[in-house]
Amino acid sequence: MAFTEETHSTSSSDNEVPATVGGTATHFHPAVPEDDNNSGQERDYTGMFEGPEKTLEVVFRRVSDEYTDASTGDLTPMQTPPNTKLGLRNLTREQLDRICARARCTILSCISNQYLDAYVLSESSLFVYPYMLVLKTCGTTTLLRCIATLIDLGRTLGLEIDWVGYSRKNFNFPGDQSFPHQSFHQELDYLYSHRNLCERLDGSGYTLGPVTGDHWFVFVADQTLRSKALDCDTDRVLNIMMFDIDEQVAELFYYNRYQESDDEPIAENDMKRIAAAQTKAAGIDSLCPGALIDSAAFEPCGYSMNAVLFRSYSTMHITPEAGSSYASFETNQKVSSYKSLISNVIRTFRPKRFVMTLMADEGGLQQITENPLTDNASAAKIVVPFEKSGMKCSYKRASTASIKVEEDCCCLMGNWVLEEPSKQSSSATQRARGISIS
């Protein structure tokens, strides 16, 4: 797939200094129109889909022992009985719909446990913890436009911003994006200068990786009061973004492959049946053993999945269109080694290349004993079985970049490319060199 250079905003970015490489901060405060209510207009489908997600993670802290009751508007003491949802988990479905509407997506389904709520969206996923919200959206969604609404709703719960992280890979089709996502500069403009945002979002933007290839944009604003820090399970998040996935695997995620009749109307239970069949056929269920899984199939193609296991989530999104096929896997599981998980994910989709990112606090990074993002080149090579007998797929790390920002937030990214499959040598065909006596 050819890489496409991102375009600058036509409103105020033409004279900006470009973002730099290898984790250097980009920080400026130009003006942005105050009212963006008319932004984010729908774009016509171009035949290609922007699979890589925009990701927003917002951590809150309590500033009051009272919150505003959504049903009455009255201040209510923050006295929570056992087994009652805390903080952001008190947001109503209507309030969550407001957040998603600003990002131009809708809620399709939800699963919950005692720690979090996980929502499958029309474009990716939403995870709500008591004091943290993670929103991932793909395509031409306008993710950053939901932040002001999220801040306002947090205030009604007696919460204020503690930490914000926004990240995404460079777009493959930047011309399809709407304001404020037409360039990273425009996104930073919006975060710095929006009338409802600038007070709590005084952070910095970073670029990791080669600007001539796949690279990763990161924005972090840290208002954490270390002495009052809450354990919100944000220690580390691993994301694997896979491109040009195997054609046979991609075909599993076309809706009509599972339809019993093309003439019958699509019912909700039929969509769930097809999603479950896709989960099983691709082996996705084996990537999240023991987890509660919620999946969705899309017409004519596409797939989303959330899985929750205790305090952690895993999420997967697949766009199988030829020419822009893509699959992603993200998790905030706290494990000492991701090596087997990474191998299993790559083996499932057999992409031609993939990008891996890891955002972790310093203590979380130190707990990881095997890390292909920091290992030497030979140890970072990922080898998985090939579909044909006696073959294997070997992925070589082409580049890596890392930076530590805002005291203790470590951001790492790397690019891997597929090497030519090689024939496994068997003991029957191997012969030791030696002197011949014949």
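The values are calculated or read from the model by the stated rules, or taken from the named source; none is laboratory data. Predicted model only: the values in this text are computed from it and were never measured. As a convention, Cβ positions derive from the backbone with ideal geometry for all residues, glycine included, and neighbour counts pool all protein chains shown. What goes into the accessible areas is simple: the full protein's heavy atoms, side chains included, and nothing from ligands, DNA or RNA. Shrake-Rupley method; radii C 1.70, N 1.55, O 1.52, S 1.80 Å.
Data for the structure
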{"quantity": "Where labels lie 7 Å past Cα in the beta-carbon direction, separation of N256 and K334 in nm", "calculated": "4.9 nm"}
{"quantity": "Label-point separation in nm, V384 to K396, each point 7 Å along Cα→Cβ", "calculated": "1.9 nm"}
{"quantity": "For segment 340-417, the fraction of alpha-carbon pairs in successive 10 Å shells from zero, as %", "calculated": "17, 47, 27, 8, 1"}
{"quantity": "Segment 253-405: Rg to Rh, with Rh as the Kirkwood radius over Cα pairs", "calculated": "1.01"}
{"quantity": "Modelled FRET efficiency - R0 25 Å, Q367 with E160, Cβ distances, 0.05 increments", "calculated": "0.30"}
{"quantity": "Stretch gain in nm, segment E247-A148, where the contour uses 0.36 nm per residue and the Cα spacing is subtracted", "calculated": "31.5 nm"}
{"quantity": "Accessible area (Å², per residue) of segment 259-418, counting only protein heavy atoms and a probe of 1.4 Å", "calculated": "43 Å²"}
{"quantity": "Tail fraction, Cα-Cα pairs, segment 303-376, threshold 21 Å, whole percent", "calculated": "32 percent"}
{"quantity": "Under Karplus coefficients 6.51, -1.76 and 1.60, residue-wise ³J(HN,Hα) of segment 338-347 in Hz, glycine/proline x", "calculated": "9, 4, 5, 4, 4, 4, 5, 5, 5, 5"}
{"quantity": "Segment 85-169 - charge dipole about Cα centre, Lys and Arg +1 at Cβ, Asp and Glu -1, debye rounded to 20", "calculated": "220 debye"}
{"quantity": "Viscosity 1.002 mPa s, temperature 20 °C, Stokes-Einstein D of segment 112-151 from Kirkwood C-alpha radius, µm²/s", "calculated": "194 µm²/s"}
{"quantity": "Solvent-accessible heavy-atom area per residue, rounded to whole Å², over segment 132-176 at 1.4 Å", "calculated": "16 Å²"}
{"quantity": "Cα-Cα over 30 Å, subset of K169/K404; K85/K280; K136/K280; K272/K381", "calculated": "K85/K280; K272/K381"}
{"quantity": "Theoretical gain in end-to-end length, F310 to A322 [0.36 nm per residue, Cα-Cα removed]", "calculated": "0.7 nm"}
{"quantity": "E407 versus T212: modelled label distance in nm, points set 7 Å from Cα along the beta carbon direction", "calculated": "4.0 nm"}
